[in-house]
Amino acid sequence: MKVAYFPGCSMHGTSREYGESLHAVAEPLGVELDEVRDWNCCGASSAHASSRMLAVALPARSLALAEAQGHEQLLAPCAACYNRLAGARHEIAEDAELAGHVKRILARPFENRVAVLNAVEVLRDLGETIKAKATSPLKGLKVACYYGCLLVRPAAVTRFDDPEDPSSMEAVVKACGAEPVAWRMRLECCGGGFSLSRKPSVVRLGRAILEDARKAGADAIAVACPMCHSNLDFRQKAMARDGEDKPPMPIVFITQVVGLALGIAPEKLGMQRHFVSTKRVTSRGNGEATAPAAEVG
Amino acid sequence: MARIGVFVCHCGENIGRTVDCHAVAEALGQVPGVAHAVDYKYMCSDPGQQLIKAAIAEKQLTGVVVAACSPHMHEKTFRRAASSAGLNPFTCEMANVREHCSWIHEDRASATAKAIDLSRMMVEKVKRNVPLSTIRIPVTRRALVIGGGIAGIQAALDIADGGAEVVLVEKAPSIGGHMSQLSETFPTLDCSQCILTPRMVEVYQHPRIRLMSWSEVESVEGYIGNFKVTIRKKARGVDEDKCNGCGACTRACPNKRIPSEFDCGLGKRPAIYVPFPQAVPNLPVVDRARCTLLIARSKGKKDACMKCVEACQRGAIDFEQKDRFVTEEVGAIVVATGYQLYEIGRDQGGRKDLHGYGEYGYGTIPDVIDGMQFERLASASGPTAGRILRPSDGREPRTIVFLQCVGSRDPAKGIEYCSKICCMYVAKHAMLYRHKENGGRAVVFYMDIRAAGKGYDEFTRRAIEEEGAEYVRGRVSRMYRDGDVIKVVGFDTLGGEPFGVDADMVVLATAMRPQPGIESLAQKLSVSYDRHGFINEAHPKLRPVETNTAGVFVAGACQAPRDIPDSVSMASATASKVLGLFSNEMLEREPTVARVDAAICAGCFHCERVCPYGAVTHMEVKDRQGNVLKVVADVNPGVCQGCGTCVATCPSKSVELQGFTDEQVWAQIQAFLG
Amino acid sequence: MEGTATATGFEPRITAFVCNWCTYTGADLAGTSRLQMAANTRIVRLPCTGRIDPAFVIKAFERGADGVIVSGCHPADCHYTAGNYHARRRFAVLRELLSFMGVDERRVTFSWVSASEGAKWRDVVNGAVERVRECGPFESYRALAGGV
């Protein structure tokens, strides 16, 4: 399949490894990523908190560009980008007046034809291919699939899975030969954009997530959102209670899990870029961790 | 030559005020073919009708036009008058110069001109009317009732007590339906089986009821008064004539670990079983998918187990039995197929939009059960003999959380309707539990309390105010097992704060849905159903138990969520409709039906495809030697409702709708426009 | 009515084909509610919109109608279950045909009027009359049809 690719700011920044691993798995899985030329910010956080029109028009511009590139589907790996793009698409489709207004603002042809996909959805639908190509199935690796808040909600916008009881990430993890654990914090808030402004909140919320994943016996938490990743990975040390000595919990992107199962070298997947060591995960695949993993910083 | 009489009514001042009735009569008198035209103060009055009758006799009229009110008001009146004067009633028509003229216009000149036009249009139509006679069709005074739950039982008994024969078809091994599974019934808390069982026995013993359990309707042909129904009698594996219901076979069966459908999986049954002790008929059925012998045979192995055959002293076990088909002729059909519960967190028979509530852990947490399972736990005849015990460890729960509206009233989950009975049975459950478990805590999460009905609100209030059930207004977002308890995470919307409970057991009040397969049954009967599969009634207010197909009636929860009193009332109503239908030897129908001219019909059957009633059949046209020359369409006047869609569809204009022929419509157009 | 153009101006002649169960009854309700409306329409009552042959509409124009109204039960409310759906498809095609023939689409009004919508019927009638009035007399079609 060939899709328009919307990297958003994080694939080039804080979540380089998400972008790297996505590109690494795309090729063997037969997904051609055609980056939207001249894409712009999706407007997450700031735009949709300040102006509805800006929040809709910003993603609409990128959708219009993808449309002009001849695409019918657009992949936005970042959950926030995905949510903004799919949300804008939905709002425009539902509201003819808004659609007219947005078209005038864009001053370019825009039919709102492009469907917005996230990485989990794409990988779930490629489950059979992953299973067939998994040269290093992750046998025995217990993974807690963490959806966070943006991936499956609101239900009317996302539509690819049950908003209260999703199963797509688990299906991907299973396709990789690993074992999804049953746990209960899959859909809880990680603190999102408050990582810097309200650190105590993020620490409190993240700690509950980590503790539940540990309790469920997970070796790692799989995510599909740069924000979830940075909160749980970067703030993990702060989440440990005083005097507590628990093994760190690797936070990996779902694309990295798939990459390992496909036998791709960990450094190509950016496994070394995490704050929390991912050794527990990389040691499962065939490719032993070759690059030194940065220890908890 | 036509001799039409035109009678213009003043309707007191109602028409006369704006329409110059006398001028209308005069103008109509000039129309060719009009032999008589008069105006009168009140045409519908006795003297008015006399005037018409006298004129018909005196002037030898061949048709009548009454320019007065709407035909919906008095068409019957004037047709009756015309008929009593010897005219065919269908040569009498009305021009609506009141509702469609005098009442909506003020200008006398234009209103009068319009009244003249409307009357002339009718004169031209009546000139082309042909005498029609009422269609008479014979009635088979026998009814089919589909479904042997409380609604079907009640309908069957009422019809049979009224003197007609009834065929009662039930797809399960026994009649009784969901009501036989209930513990106590709201709002009186009387034991469900105690009131139901005598009715079931009555059905079995009734000389005019033919009970076919373990049977399903295969196909339906015909029309009101004359249905031909093929019923599939599924192979029971037991000879009904030989079996005396002693139960030796069920005791002998070694495979006793099969989850019982009747106990909603909480109890076990053997592979040859009677679903419950009070079953009617008291005949066992072989579970063909679970029987050791039949499994061995299907794999080509030799007979592995003959325990039941050995135990039966009457030689009634018959593994060779095949499904049999019987055809029954009936005059009316009552659909009473009832409901099923929303399948929580699982596939809903192909309905992808109804997949929901996986977050409640039903099916993975054993102590999360649905309302019907709670009924079985609370029932004295249930798997725990009426003790409310946790399925996981058999312990008495100290706290039970009840969730209302699981599936219901949530458009996001595909069901926006209210299931109606849950508020009541949850209050009942809470009460039953509090009666049985001293000091036990019953917490109910609700959205609204909808307890409209005689003694209903009093009942829910009693649960809250006297029986100590804790009602929390709000929803539950998630439930999970934490050690021995189920953590229930919810929100109290009145308190405005999160509300969590540690529960030992959770009972989900799941939505009511129509039975699986209702769509295919409805299609066999050509009755319509809504997007949920509930059978549509002919009119929501005034024809609540009739369907859009004449002769097919509907009772109970297959029409909408219903409780027992509602279902029983509906069932009795269908019985009265059926008996009313059967009180005539012949049925009379308006003759405004479609008719095919076999000489022109090319047999394209476009008409058949557009007919909403399946009234079009194929008819062979033969020569004298009996060779088929062509196959043409034919309309069954017993089934045709006279919509005329076939007429406008027919490319060769070989179908006509009697009373509304093309010629008549052309004449009306021309009468107005010239 | 004789003569379409009177001294006071043009009074359109409009034929209305309506179903018996919804629109005819709705028009009855307009009457019982004494809702005043233009006196330019003449109703032809049929059992169902499914019975309304597109040829009726063409015939009406041929005979000199300045406008036509077709109205029946709302979708899903048909007394005969599905007649109005067939009508809807049929009239979607007819509309195309008429516009191909050069008939100003303001001359044909399709609407759904239920038995409880007396006021809507008034609006449909008044709207149709207003639109046809703008179009003026439809002599051209009549002439084209052979000067009947």
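Just so it is clear, none of the values below were taken in a lab; they were calculated from the coordinates. A quick note: this is a predicted structure, and the numbers were derived from the prediction, not measured. Positions of Cβ are backbone-derived with ideal geometry, glycine not excepted, and every protein chain shown enters the neighbour counts.
Taking N as the residue count of the stretch B:340-513, its C-alpha radius of gyration divided by 2.2 N^0.38 Å amounts to 0.97.
Scalar couplings 3J(HN,Hα) for the stretch B:396-402, obtained by applying the Karplus form with A = 6.51, B = -1.76, C = 1.60 to θ = phi - 60°, are 6, x, 8, 9, 10, 9, 10 Hz; x denotes Gly and Pro. By the count of other C-beta atoms within 10 Å, a proxy for reagent exposure, B:Asp482, B:Asp20, B:Asp241 are ordered fewest to most as B:Asp241, B:Asp482, B:Asp20. Working from Cα pairs under 8 Å separated by at least six residues, relative contact order for the stretch B:577-660 is 39 percent.
Can you classify the stretch B:23-106 as rounded, prolate or oblate using the Cα gyration tensor, where a ≥ b ≥ c are the square roots of its eigenvalues, rounded means a/c under 1.5, and otherwise it's prolate if a/b beats b/c and oblate if not? Oblate shape, in that a/c is at least 1.5 and b/c is the bigger or equal ratio. For chain B, the orientation-averaged shadow of the C-alpha convex hull comes to 40.7 nm² (one quarter of the hull surface). Between C:Cys78, C:Met101, C:Val129, the Cα set farthest toward the positive side of the dipole of chain C (charges on each charged residue's Cβ, about the Cα centre) is that of C:Cys78.
All alpha carbon pair distances within the protein assembly as shown were sorted into 20 Å bins beginning at 0; the resulting P(r) in whole percents reads 10, 28, 32, 24, 6, 0. For the stretch B:75-195, a simple Cβ point-charge model (Lys and Arg +1, Asp and Glu -1, everything else neutral) yields a dipole of about 920 debye relative to the Cα centre. The stretch A:123-148 and the stretch B:617-654 have Cα centres spaced 62 Å apart.
For B:Glu416 and B:Arg387, the difference between the fully extended length at 0.36 nm per residue and the C-alpha to C-alpha distance is 7.0 nm.
Each residue of the stretch B:526-538 was assigned a 3J(HN,Hα) from its phi angle through the Karplus expression (A = 6.51, B = -1.76, C = 1.60, θ = phi - 60°), giving 6, 10, 8, 9, 7, 5, 8, x, 6, 5, 7, 7, 5 Hz with x at Gly and Pro.
When only the Cβ of Lys, Arg, Asp and Glu is charged (+1, +1, -1, -1), the dipole of the stretch B:4-127 relative to its Cα centre reaches about 340 debye. The label-point distance for A:Thr135 and A:Glu27, in a model that sets each label 7 Å from Cα toward Cβ, rounds to 1.2 nm.
A Cβ-based charge dipole, computed about the Cα centre of the stretch B:222-355 with Lys and Arg at +1 and Asp and Glu at -1, lands at about 580 debye. From least to most packed, judged by other beta carbons within 10 angstrom and beginning with the fewest, A:Leu22, B:Leu629 follow the order B:Leu629, A:Leu22. Taking Cα atoms only, the orientation of helix A:52-68 departs from the longest principal axis of chain A by about 90 degrees. The angle between the Cα long axis of helix A:79-94 and the main principal axis of chain A comes to about 30°, on a 0 to 90 degree scale.
Projecting the Cα atoms of B:Pro259, B:Val126, B:Ile52 onto the dipole axis of chain B, where Lys and Arg carry +1 and Asp and Glu carry -1 at the beta carbon, places B:Pro259 farthest toward the positive end.
Net charge of the neighbourhood of C:Asp53, taken over other residues with C-beta under 10 Å away and scored Lys/Arg +1, Asp/Glu -1, is +3. Amide H contacts of B:Val64: B:Gly5, B:Cys92, B:Glu93, each under 5 Å away and 5 or more positions distant or on a separate chain (H built 1.01 Å from N in the peptide plane; Pro and chain starts excluded).
Ranking B:Gln523, B:Thr549, B:Phe499 by Cα position along the charge dipole of the stretch B:497-560, where only Lys, Arg, Asp and Glu carry charges on their C-beta atoms, puts B:Thr549 farthest toward the positive end. Taking the C-alpha atoms only, the angle from helix A:96-106 to the longest principal axis of chain A is near 90 degrees. The trypsin sites (Lys or Arg not before Pro) of the stretch B:434-477 that meet both conditions, a loop assignment by DSSP and at most 12 other Cβ atoms within 10 Å of the site Cβ, are B:Lys454. Put the Cα centre of the stretch C:3-65 next to the Cα centre of the stretch B:110-181 and the gap is 33 Å. Measure out, as a whole number of angstrom, how far apart the alpha-carbon centroids of the stretch A:3-56 and the stretch B:354-396 sit. Centre-to-centre distance over Cα atoms comes out at 47 Å. Shape summary of the stretch B:304-414, radius of gyration then Dmax from alpha carbon positions: 21.2, 57 Å. Screening chain C for whole DSSP H helices of 18 Å or more along their axis (Cα) with average Kyte-Doolittle hydropathy at least -0.5 returns C:83-101. Could you tell me whether the stretch B:58-150 comes out rounded, prolate or oblate from its Cα gyration tensor? Rule is a ≥ b ≥ c as square roots of the eigenvalues, rounded for a/c under 1.5, then prolate if a/b exceeds b/c, otherwise oblate. Taking the square roots of the gyration eigenvalues as a ≥ b ≥ c, the stretch B:58-150 is oblate.
Looking at the protein assembly as shown alone, DSSP beta bridges between its own residues are antiparallel in about 40 percent of cases. When C:Tyr24, A:Tyr147 are arranged by Cβ crowding within 10 Å, least crowded first, meaning fewest neighbours, the order is A:Tyr147, C:Tyr24.
With a cut-off of 15 Å on the backbone N, the residues of the stretch B:446-471 near the modelled label site 7 Å out from B:Thr493 along Cα-Cβ are B:446-450. Where both bridge residues fall in the stretch C:1-115, DSSP classifies roughly 10% of the beta bridges as antiparallel.
For the stretch B:265-394, the relative contact order comes to 14 percent (Cα pairs under 8 Å, sequence separation of at least 6). What is the stretch C:14-143 by shape, rounded, prolate or oblate, if you read a ≥ b ≥ c off the alpha carbon gyration tensor as root eigenvalues and call it rounded for a/c under 1.5, prolate for a/b larger than b/c, and oblate otherwise? Note, shape of the stretch C:14-143 comes out oblate. Considering every Cα-Cα pair within the stretch B:471-630, what fraction, in whole percent, is farther apart than 29 Å? The proportion of pairs with Cα distances above 29 Å equals 53 percent.
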